[in-house]
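Undergrad: Structure incoming, see below.
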Amino acid sequence: MVIKTLRSTDEIIRYIEDMTRESSVRQFYIPGKGRFTLVLQEDDLPSINTEVEQNRELGQMIRDSRKEYRQGQGMTTSELIRSLNPKEFK
């Protein structure tokens, strides 16, 4: 493995952006700091569609929520927060 010398933050960022599953381990040297080994550990988080496919109830909840929102039955986050009573959380 070739150890590349990186001298700026831009070089470091480009080096990281070029990482893929196939080139997931990179070693580099920063003068005055030392040698680094960087390992890309991708987290394949499931998409909402994947989760809906795995859980039909979740899909129904999302459809119901969208329908209620279109009908004006929704509530903004601010409205929700104002409706909460701090005493309920003690």
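Any read-out appearing in this document is the output of simple, stated calculations on the displayed coordinates, not a laboratory observation. The structure displayed is predicted, hence computed values, not measured ones. So basically every Cβ, Gly included, is an ideal-geometry build from the backbone, and we count neighbours across all protein chains shown.
Undergrad: Round to the nearest 10 and give me the degree value, 0 to 90, for the angle of helix 56-70's Cα axis relative to the longest principal axis of the chain.
TA: With both axes taken from Cα atoms, the answer is about 70 degrees.
Undergrad: Any idea how far apart S83 and N49 come out in nm if each label point goes 7 Å out from Cα toward Cβ?
TA: 3.2 nm
Undergrad: Counting other Cβ atoms within 10 Å of each Cβ, which GluC sites (Glu not before Pro) in the range 22-90 have at most 15 and sit in a DSSP loop?
TA: For GluC sites (Glu not before Pro) across the range 22-90 that sit outside H, G, I, E and B with at most 15 neighbouring Cβ atoms in 10 Å, the list reads E22, E42.
Undergrad: Sticking with this one: Just to confirm a number: summing +1 for Lys and Arg and -1 for Asp and Glu over residues other than M61 whose beta-carbon lies under 12 angstrom from that of M61, what do you get?
TA: That works out to 0.
Undergrad: When the dipole is taken about the Cα centre of the chain, and only Lys, Arg (+1) and Asp, Glu (-1) are charged at their Cβ, what size is it in debye, to the nearest 20?
TA: Taking the Cα centre of the chain as origin, the dipole is about 360 debye.
Undergrad: Continuing with this model, one more query. Hey, rough spin-label estimate for M75 and Q27, points 7 angstrom out along Cα→Cβ, what's it come to in nanometres?
TA: Here the answer is 5.8 nm between the modelled labels.
Undergrad: Sticking with the crude label model, points 7 Å out along Cα→Cβ, report the distance from E57 to M19 in nm, one decimal please.
TA: In this crude label model, E57 to M19 measures out at 3.8 nm.
Undergrad: Considering the range 1-50, what Rg and Dmax in Å follow from its alpha-carbon atoms?
TA: Here Rg and the maximum Cα pair distance are 13.8, 47 Å.
Undergrad: Would you indicate which of [x] 0.99; [y] 1.30; [z] 1.19 is the value of Rg/Rh (Cα atoms, Kirkwood Rh) derived from the coordinates of this structure?
TA: [y]
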